[in-house]
Amino acid sequence: MKAEDVKKIAVIGAGDMGHGIAASCLMGGYEVVLRDIDRKFVDKGVARIKDSFDKFKEKGKMTPAAYAETLSRLTSGVDLQAAVQSADFIVEAVPEKLELKKSVFADLDKFAPPQAVLASNTSNISISDIASATSRPEKVIGYHFFNPAILMKLVEVIKGKKTSDESIAIGCDIARKINKIPVVVKKDSPGFIFNRVNEPTGALLSKILEAGRPAPEEFDAAMKPVMPMAPFELIDYVGIDVAVHGLEYFAAVLSGDYKPSEALMDYMKKGNLGKKTGKGFYDWSLGRPKIDLSKATKEYDVTHLIALQVNEATKLLEEDVANSPKEIDLAMVNGSGSPAGPFALAQSIGYPVLLKKLEELHKRFPLDIFKPTKSMMEGSIKI
Ligand SMILES: NC(=O)c1ccc[n+]([C@@H]2O[C@H](COP(=O)([O-])OP(=O)(O)OC[C@H]3O[C@@H](n4cnc5c(N)ncnc54)[C@H](O)[C@@H]3O)[C@@H](O)[C@H]2O)c1
């Protein structure tokens with residue numbers, strides 16, 4: 001099968017990600033079936049898709065005729081067999097639990113046409129494990145969208161142990177057709193590309209809390225002038241629980257160095273999870289915190305964070321997870337709002353400067369994950 005043969009896409013799970021993925025596929029011209037386990041979840045997903053299109057229409061980004069035509073290609077329901085029996089490409093976006101995903105994939109294998117490609121929007125689970133529940137592991141790919149899926153451009157297209165090149169090519173072509181930017185992840189590896197490059201920053205923040213200084217506000221004040229949201233503020237925004245789970249996952253699958261510090265766990269134990277509870281590193285009860293820039297620490301600056309990102313990005317090349325430095329940059333720019341990726345930054349700042357910053361961090365916190373890689377020391381990777 002080729003991407004041109006794909007006419008109908010089924011999206012399984014109509015939640016935060018599923019509805020956005022379905023909306024993107026509709027805008028790419030596909031017939032879309034949205035499926036969830038209960039009519040009320042399906043209806044909520046459909047209403048969220050309509051809301052998004054209403055906004056596009058109001059802003060003049062979608063004509064009334066295009067609005068009606070696009071929505072006319074959407075069907076929805078709770079019957080899995082009916083949803084997938086004539087689908088050519090299926091994207092699963094059910095909750096992040098291995099056993100649940102495996103049972104969904106076993107059913108997809110049973111009901112979907114034999115040529116259909118089965119894609120999972122998992123954030124972390126191994127694609128090879130999910131594929132093992134099917135009789136067509138060569139047709140199973142990871143398909144990692146970013147939130148909100150309707151707006152964010154990056155889709156990581158992940159190869160499991162048995163995934164065929166043809167399935168990866170179909171995933172990439174469809175991503176381009178729905179106006180996304182696909183980046184191939186050559187093997188199942190923790191955090192794929194985007195989350196892996198960012199995770200050492202989480203480990204650093206956790207260690208800074210353990211050290212007791214600088215205070216989150218002093219650290220953030222030093223970063224804020226060059227970042228839309230400073231690092232501790234961002235964790236508060238996303239949820240301290242989410243950050244802790246991310247670190248625990250990386251500690252379990254990649255390195256014990258990621259284990260969240262007691263100081264970080266304390267916030268969680270006290271129920272101070274950030275914005276959603278009104279209190280985290282900051283008080284959110286009166287809205288977004290105002291960070292006093294005059295409190296900026298002199299111990300850290302943004303080049304420390306860039307050094308961590310570049311170092312981790314070089315590991316993805318050394319471990320043969322990503323195709324090229326250019327593609328890693330593409331993923332990092334399009335998975336967030338950053339204007340430049342780590343390798344472009346390394347080239348403009350210079351590897352020797354970043355290496356010095358990384359060595360400073362490694363001296364302060366002698367963790368293996370902060371150790372400069374061979375490529376980092378040589379400074380040889382160019383885009
Ligand atoms: N939320 C994010 O920021 C984000 C980003 C990237 C990837 N992801 C991944 O996307 C997946 C979905 O996450 P989400 O945030 O959309 O979750 P969500 O809880 O918002 O939505 C999941 C939906 O799946 C439905 N569901 C449960 N079992 C089902 C089944 N057997 N068949 C069909 N539908 C079923 C639920 O009723 C729910 O509506 C997860 O694997 C998650 O890790 C999430």
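The values are calculated or read from the model by the stated rules, or taken from the named source; none is laboratory data. Fair warning: this is a prediction, and the values are worked out from it, not measured in the lab. Please note: Cβ atoms are built from the backbone with ideal geometry, for glycine as well, and neighbour counts cover all protein chains shown. Ligands, DNA and RNA are stripped out before the accessible areas are found, and what is left, the full protein with its side chains, is counted by its heavy atoms. Shrake-Rupley method; radii C 1.70, N 1.55, O 1.52, S 1.80 Å.
If each of Asp107 and Lys186 carries a label point 7 Å out from its Cα toward its Cβ, how far apart are those two points in nm?
In this crude spin-label approximation the distance works out to 3.7 nm.
Rounded to the nearest 0.05, what FRET efficiency do Glu360 and Leu100 give with R0 = 51 Å and r taken as the Cβ-Cβ distance? Could you check?
Using R0 = 51 Å, I get an efficiency of 0.70.
Dipole size in debye (nearest 20) for the stretch 228-383 around its Cα centre, Lys and Arg Cβ +1, Asp and Glu Cβ -1?
Roughly 440 debye for the stretch 228-383.
What nm value, rounded to one decimal, do you get for the distance between Lys153 and Ala169 when each label is placed 7 Å out toward the C-beta?
2.5 nm
Quick check: the distance between the Cα centres of the stretch 284-308 and the stretch 21-80, to the nearest angstrom?
What the calculation gives is 40 Å, centre to centre.
Each label point is 7 Å from the Cα along the Cα-to-Cβ direction; what then is the distance between the points at Leu254 and Asp292, in nm?
3.5 nm
With a ≥ b ≥ c taken as the square roots of the eigenvalues of the C-alpha gyration tensor of the stretch 3-185, please select rounded if a/c is under 1.5 and otherwise prolate if a/b is larger than b/c or oblate if it is not?
Prolate, because a/c is 1.5 or more and a/b exceeds b/c.
Can you give the charge dipole size of the stretch 3-185 about its Cα centre, rounded to the nearest 20 debye, using +1 on the beta carbon of Lys and Arg and -1 on the beta carbon of Asp and Glu? Could the numbers behind the result be given before it?
On the way: 26 positive and 24 negative charges, 71 e Å.
Taking the Cα centre of the stretch 3-185 as origin, the dipole is about 340 debye.
Excluding the sites themselves, what is the longest stretch of the chain that contains no GluC sites (Glu not before Pro) in a DSSP loop with at most 15 other C-beta atoms within 10 Å?
On the way: sites that count: Glu96, Glu299, Glu319.
Segment 97-298 is the longest.
How far, in degrees from 0 to 90, does helix 302-318 lean away from the longest principal axis of the Cα atoms of the chain, to the nearest 10?
Once rounded, the angle reads 50 degrees.
Say the dipole of the chain comes from +1 at the beta carbon of Lys and Arg and -1 at that of Asp and Glu; which of Ala340, His144, Leu98 then lies farthest toward its positive end?
Selected residue: Ala340.
At a 1.4 Å probe radius, carbon and sulfur cover how many percent of the accessible area of the stretch 3-185? Don't skip to the answer; put the middle values down first.
On the way: 4080 of 7650 Å².
Answer for the stretch 3-185 is 53 percent, counting heavy atoms of protein chains only.
Run down the lysines and flag those whose C-alpha is under 24 Å from the C-alpha of Lys276, throwing out any fewer than 8 positions away in its chain.
Partners found: Lys44, Lys97, Lys207, Lys224, Lys259, Lys290.
A 25 angstrom limit on the alpha carbon distance is what I want to check against. Which of Lys269/Lys363; Lys139/Lys186; Lys40/Lys61; Lys153/Lys279; Lys2/Lys382 exceed it?
Details: Lys269/Lys363 30 Å; Lys139/Lys186 15 Å; Lys40/Lys61 29 Å; Lys153/Lys279 31 Å; Lys2/Lys382 34 Å.
Distance filter (> 25 Å) returns Lys269/Lys363; Lys40/Lys61; Lys153/Lys279; Lys2/Lys382.
Tabulate in residue order the Karplus-calculated ³J(HN,Hα) for the stretch 196-209, using 6.51 cos²θ - 1.76 cosθ + 1.60 with θ = phi - 60°, rounded to whole Hz; enter x for Gly and Pro.
5, 5, 7, 5, x, 4, x, 5, 5, 4, 4, 6, 5, 5
Given the -39500 (n - 2.57) contribution per DSSP H run of 4+ residues, what per-residue ellipticity at 222 nm results for the chain, rounded to the nearest 500 deg cm²/dmol?
Mean residue ellipticity, 222 nm, calculated: -15000 deg cm²/dmol.
For the chain, give the magnitude of the charge dipole about the Cα centre (Cβ charges: +1 Lys/Arg, -1 Asp/Glu; no others), in debye to the nearest 20.
Around 540 debye, computed over the chain.
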